[in-house]
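The values are calculated or read from the model by the stated rules, or taken from the named source; none is laboratory data. Just so we're clear, the structure is a prediction, and the values are computed from it rather than from any experiment. When we count neighbours, we look across all protein chains shown, and the Cβ atoms used for this are built from the backbone with ideal geometry, even at glycine. In case anyone asks, the SASA skips ligands and DNA or RNA and just uses the protein heavy atoms, side chains included. Shrake-Rupley method; radii C 1.70, N 1.55, O 1.52, S 1.80 Å.
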Amino acid sequence: MTHEEFRNKMKISPQQAHRELFETYCNYVYTIVFNRLRSCGSREDIEECVCDVFADVYCFYDTEKEISGDISGFIGTIARRKAGLIYKKKCSVVDTVSIDDDLVQELRSEHDIESEADANERRRIILDMIAELGEPDATLIMQKYYYGRSAKEIAEIVPMTPENIRVRSGRAVGKLKEMLEKAGISL
């Protein structure tokens with residue numbers, strides 16, 4: 001679209017002229033903005049910038065000024081400048097958060113990271129020791145204590161009678177307690 005065509009359409013219907021301008025140059029502007037902001041902006045940032053470009057074009061285009069040629073240079077310049085400003089803003093801003101003493105205390109009281117880490121390490125050690133028991137003892141302990149299954153339910157999984165499962169899991173728990181005591185872990 002040339003400057004003259006756009007001016008003529010503006011005289012007839014500004015809304016229609018703006019709509020046609022948008023439809024004609026939307027992909028062009030989107031490409032310019034996307035190429036500039038893709039490394040630091042979200043899709044919403046890119047779309048917002050495209051809208052801002054067209055808003056600037058509509059606001060700052062001088063229909064009284066006699067210019068010949070294609071309007072794409074004007075639109076491209078605005079798109080590059082607008083995307084450059086947003087790029088600069090996005091890349092230079094460092095997100096900082098102010099933490100008050102009250103908030104720090106609240107975070108400390110809600111999440112005791114040290115005790116959570118200790119509990120996780122303890123769980124890992126116990127699971128490793130259960131695995132060291134070998135089969136079928138490890139399966140029996142996991143099914144009984146982790147999944148809460150009865151000896152009868154375990155008998156459906158492991159080819160043993162419920163009585164054998166009770167005896168075997170009791171012995172396995174004894175072995176596990178000895179292993180945990182040697183590692184310095186008490187239940």
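Scan segment 27-39 for residues that are among the charged types (D, E, K, R) and surrounded by fewer than 18 Cβ atoms within 10 Å (Cβ to Cβ) and jot them down.
Selection gives Arg38 alone.
State which residue pairs qualify: first residue farther than 28 Å from Lys90 by Cβ and assigned to a helix (DSSP H, G or I) and inside segment 15-35, second residue open to solvent by 50 Å² or more (accessible area, probe 1.4 Å) and among the polar types (S, T, N, Q) in any location, beta carbons under 9 Å apart, and separation of 6 or more residues or different chains.
Pairs that qualify, where the first residue is farther than 28 Å from Lys90 by Cβ and assigned to a helix (DSSP H, G or I) and the partner is open to solvent by 50 Å² or more (accessible area, probe 1.4 Å) and among the polar types (S, T, N, Q), are Ala17/Asn8.
Out of everything in segment 146-187 that is closer than 24 Å to Asp118 by Cα and touching a residue at least 24 places away in the same chain (Cβ under 8 Å), what residue ends up being most open to solvent (accessible area, probe 1.4 Å)?
Checked segment 146-187; the qualifying residue most open to solvent (accessible area, probe 1.4 Å) is Lys175.
Determine whether Ile78 is of a type in the set (A, V, I, L, M), modelled with pLDDT of 80 or more, within 30 Å of Glu4 (Cα to Cα) and open to solvent by less than 100 Å² (accessible area, probe 1.4 Å).
Here the answer is yes, as Ile78 does meet what is asked.
Looking only at segment 40-74, count how many residues are open to solvent by less than 30 Å² (accessible area, probe 1.4 Å), closer than 16 Å to Thr2 by Cβ and aromatic (Phe, Trp, Tyr).
1
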